[in-house]
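Report on the following structure.
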Amino acid sequence: MPQVQETTDKPWLERGWLLLGYIVVSVFLGWLLAMLVGQKAFLPIITALLIYPVFANRVMQGRLGAAAGWAMVWAVAMTVVGILFTIIWPRLFTGEWAGRVDQAVERGGEYTKSMFVWIATGIGAESDPSRFIPVHLRNLGMFTLASLISGGALGLAFGAVQLNLMNFYVGMFTSYSHQPLLAAFLAWPPYAIMRVVGYILLATGLSTPAICWATKRCIPWKKASRFFLLGLALTLLDILVKWLVAPLWREILIGLAPSFAGGIS
């Protein structure tokens, strides 16, 4: 009697390489669609919507580490693709189309200008605790509430806004640097990376109540609280590290783009 072979097929959400390809391609297509649409709200919404099923699937299974891990992969993909679009798109197109990146990134030009002024002069919110701490705490409060009420979906969208803002600045800074590859890495300071990781861990822990309510598949709060507390600790530590490191990091950025030392036009 012939034996029946057990299938080893897995859903695509469980296949690592396929899932990695999905994330990279979806982020790229999200950016491409945003260039065509030219609306600032479109990019963070579409990129968050495309990763959320992966994130929520892992949370529903109680695999919070996997949910956070794939969200971090998504953040890396957002960073690489965002920087590349910021650098390459204006070189491929002229006129109105060349400005589509700026149109797609909320406050991209404004934030970049403020960062360039800070790098050139040392004056700006980046190294002024009295200015950046209230902003950080406000964003933390908004992110926490958004993640809690939406099962993490709005938290990912909020995070996408912040990622796009930072990546636009990094792409623009890289264009001015005589060492563009190194600049693409170092223009992201360590405290900003801590904040991204902290936000992802926060979103993971805070997503559980709403997902539990919607699906009736609940995660013990003790397990979820570990992600919440670690994320909160990282976002608060980010403030201290930024306070101490930002002036030193500015010197590194000046070394990567010496023309900034004389001021910018």
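What follows draws every value from the coordinates through simple rules; no lab data is involved. Small disclaimer: the values here were computed from a predicted structure and weren't measured. Quick reminder, even Gly has a Cβ in these numbers, built from the backbone with ideal geometry, and neighbours come from all protein chains shown.
Observations on the model:
- Each label was represented as a point 7 Å from its Cα along the Cα-to-Cβ direction; for THR121 and LEU36 these points are 4.2 nm apart.
- Phi to ³J(HN,Hα) by Karplus 6.51 cos²θ - 1.76 cosθ + 1.60 over segment 164-171, Hz, x for Gly, Pro: 4, 4, 5, 5, 4, 4, 4, x
- Calculated FRET value between LEU145 and SER114, using beta carbons and R₀ = 22 Å, to 0.05: 0.25
- Considering only PRO53, MET72, PHE116, the residue lying farthest towards the positive end of the dipole of segment 9-135 is PRO53, judged by Cα position with unit charges set on Cβ.
- The phi-based Karplus calculation (6.51 cos²θ - 1.76 cosθ + 1.60; θ = phi - 60°) puts the 3J(HN,Hα) values of segment 42-52 at 5, 4, x, 5, 5, 6, 5, 4, 6, 8, 4 Hz, whole numbers, x for Gly and Pro.
- Residues ARG138, ARG58, ARG195 arranged by fewest to most Cβ contacts within 10 Å: ARG138, ARG58, ARG195
- Spatial offset of segment 83-135 relative to segment 146-166 amounts to 19 Å, using the alpha carbon center of each.
- The dipole here belongs to segment 47-120: it is taken about the Cα centre, uses +1 on the Cβ of Lys and Arg and -1 on the Cβ of Asp and Glu, and is about 240 debye.
- Radius 14 Å from Cβ of ALA68, net charge of other residues (Lys, Arg +1; Asp, Glu -1): +4
- Were the residues from VAL135 through THR94 laid out at 0.36 nm apart, the gain over their Cα-Cα distance would be 11.2 nm.
- Label assignment, mean projected area of the Cα convex hull in nm² derived from the structure, set (1) 17.6; (2) 16.3; (3) 25.0: (1)
- Computed over segment 12-262, relative contact order equals 23 percent, with contacts defined as Cα pairs under 8 Å that lie 6+ residues apart.
- With a cut-off of 15 Å between beta carbons, the residues surrounding PRO247 carry a summed charge of 0, where Lys and Arg count +1 and Asp and Glu -1.
- Computed from backbone phi, the HN-Hα couplings of segment 98-110 come to 5, x, 5, 4, 4, 5, 8, 10, 4, 6, x, x, 5 Hz, rounded to whole numbers (Karplus: 6.51 cos²θ - 1.76 cosθ + 1.60, θ = phi - 60°; Gly and Pro given as x).
- Evaluated with a Cβ-only charge set (Lys, Arg +1; Asp, Glu -1), the chain carries a dipole of roughly 620 debye about its Cα centre, given to the nearest 20.
- Farthest toward positive dipole pole in the chain [+1 Lys/Arg, -1 Asp/Glu at C-beta], among LEU33, ALA210, ALA98: ALA210
- Distance-filtered residues of segment 129-152 - backbone nitrogen under 13 Å, label point 7 angstrom along ALA233 Cα→Cβ: none
- LEU244 versus LYS223: modelled label distance in nm, points set 7 Å from Cα along the beta carbon direction: 3.5
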